[in-house]
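Here is the structure we will look at, set down as structure tokens.
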Amino acid sequence: MESKQVQSLYRQLSRLGFPLARDCLEFLRFKQATGASRNTLIRYGKSLVEFVRYCHGHSLFQVTTLSERSLTDYRFHIEETQRALSTRYSYLVSVKLFLKYIAVRRNVTLPVWSLIVFAIQASGTHCLTW
């Protein structure tokens, strides 16, 4: 049984309704079907809801409309938030894993060169590699 928090995240993505939101919902359902914990689903879900809202605000409605520039801009957007470093890092990891899932699942080429390394400047440099 899904927790209320997970159900709420699924509803939020469903209500947004455009293709990118549906892709994120597909990813979360895949993670759930393959045994991801409730906490993992909540972490991914929160990150992806924010990512989808950001994309919607920048007229990026499909995975195929994402570019290196748009993903770099999103990375800077996350870096500028007042969240803890670990939270910012987690948001970027979630987006990376989502895009990797879509690229593999659909055998499509995405602008992953901008996702190969996410660097977050804070009290040190933390890198996320593909």
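A short reminder: the numbers here are calculations on the coordinates, not readings from a lab. Here the structure is a predicted model, which means the values were calculated and not measured. Heads up, the Cβs are rebuilt from the backbone with ideal geometry, glycines too, and the neighbour counts pull from every protein chain shown.
A few points about this structure:
- Length gained on full extension, residue 67 to residue 14, computed as 0.36 nm times the residue gap minus the Cα-Cα distance: 16.7 nm.
- Remark: relative contact order (the range 17-119) = 34 percent; criterion is Cα-Cα distance under 8 angstrom and separation of 6 or more residues.
- Inter-label distance, nm, simple model (7 Å from Cα along the C-beta direction), residue 80/residue 22: 3.2 nm
- Available extension along the chain between residue 104 and residue 5 is 32.9 nm, counting 0.36 nm per residue and deducting the alpha carbon span.
- Spin-label model, residue 34 to residue 56: label points 7 Å out along the Cα-to-beta-carbon direction sit 2.6 nm apart.
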